[in-house]
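The values are calculated or read from the model by the stated rules, or taken from the named source; none is laboratory data. As the structure is a computational prediction, the values presented were derived from the model and not from experiment. Glycine also receives a Cβ, built like all others from the backbone with ideal geometry; neighbour counts cover every protein chain displayed. Heads up: the accessible areas ignore ligands, DNA and RNA and are worked out on the full protein's heavy atoms, side chains in. Shrake-Rupley method; radii C 1.70, N 1.55, O 1.52, S 1.80 Å.
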Amino acid sequence: ALADRRALAECDAGRVAARGTDASEQRRDQSRPAATGLLHKARAARAAARATSIEARAMSAERDATRAQTDAADGRVSASEAAVRRAALAVDECEVRAPRAGWVDQRFFEPGELAPPGAPLVRLVDLSTVTATFYLPNAELSAARIGGAAVVRADAWPDRAFHGRIVTVGTEAAFTPRNIQTRTDRDRLVYPIEIELDNADAALRPGMPVEVTLARVERASSEEAK
């Protein structure tokens, strides 16, 4: 009886083992498609990652190429600007500019002539302010004072009066006789007086004869403006 019970138990155990094996195989069969899908997804993800990495490297290379092109363009722009500055300097060196405004009184070279280095090309005269020089005899010198008013009339403008002021009174006599013995000799002593006049319209020109009248002198001295 004991042997029969043991044989029966072994038989039951075999059936249970057989059912467990079948169940495990069934579960494995059921899970195999899911595992295969996960494997495919993993492979696809790795492929996408590789593609993304390749694309990122390509974009980085493109960015580096763009930066190199930009640097090269900046270099060309800088070179062009330097060339423009050199050209402007060359043009400036070919132009002669006066240090101030004025009238061309004399031209020393004709257009097309070769001027040696340092040679004057023209003589400019600034006529915005002119100086009239006249002479007072010794007896009338007291009428001239620095800053004193004066009226100048020119033969070229008989109906016009130019107003100026005394800026210089000579300290030494001009045309002094060799021997001063009489009163007449003393009257022959004359002193240079300079008057400054505004001449914005350039009406007065160098060498133009003028007549000067001082406020304290009734008679006028006729000399030249210079």
Top-ranked residue in the stretch 105-115 [being in contact with a strand residue (DSSP E or B) (Cβ under 9 Å, 6 or more places away or on another chain) and modelled with pLDDT of 85 or more; ranked as surrounded by the most Cβ atoms within 10 Å (Cβ to Cβ)]: 109
Pick from 118, 147: which is of a type in the set (Gly, Ala, Ser), exposed (fewer than 13 other Cβ atoms within 10 Å of the Cβ), modelled with pLDDT of 90 or more and at positive phi? 147
Can you tell me which residue in the stretch 121-144 is nearest to residue 205 (Cα to Cα), limited to those that are in a strand (DSSP E or B) and open to solvent by 50 Å² or more (accessible area, probe 1.4 Å)? 129
Of the residues in the stretch 160-175, those that are at pLDDT below 90 and either within 18 Å of residue 210 (Cα to Cα) or surrounded by 15 or more Cβ atoms within 10 Å (Cβ to Cβ) (or both) number 2
As an exercise: evaluate residue 9 against (1) in a helix (DSSP H, G or I); (2) surrounded by 10 or more Cβ atoms within 10 Å (Cβ to Cβ); (3) modelled with pLDDT of 80 or more and give the number of the one condition it does not meet. (3)
Just name the residue that is farthest from the chain's Cα centre (by Cα) out of those in the stretch 75-100 that are among the charged types (D, E, K, R) and either within 30 Å of residue 128 (Cβ to Cβ) or open to solvent by less than 80 Å² (accessible area, probe 1.4 Å) (or both). 100
Only residues that are of a type in the set (A, V, I, L, M) and either farther than 20 Å from residue 206 by Cα or not in a strand (DSSP E or B) (or both): list them for the stretch 97-120, please. 98, 101, 114, 115, 119
State all residues of the stretch 199-213 that are closer than 22 Å to residue 136 by Cα and open to solvent by 10 Å² or more (accessible area, probe 1.4 Å); if no residue qualifies, say none. 206, 207, 208, 209, 211, 213
Unique residue being of a type in the set (A, V, I, L, M), within 23 Å of residue 100 (Cα to Cα) and modelled with pLDDT of 85 or more when the list is 125, 130, 152, 210: 130
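Matching residues to (1) under 35 Å from the mean Cα position of the chain (by Cα); (2) surrounded by 10 or more Cβ atoms within 10 Å (Cβ to Cβ); (3) over 30 Å from residue 168 (Cα atoms):
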| residue | (1), (2), (3) |
| --- | --- |
| 49 | no, yes, yes |
| 61 | no, yes, yes |
| 70 | yes, yes, yes |
| 73 | yes, yes, yes |
| 102 | yes, yes, no |
Within the stretch 177-189, is there a residue that is surrounded by fewer than 16 Cβ atoms within 10 Å (Cβ to Cβ), more than 24 Å from residue 129 (Cα to Cα), at pLDDT 55 or above and in contact with a strand residue (DSSP E or B) (Cβ under 6 Å, 6 or more places away or on another chain)? yes
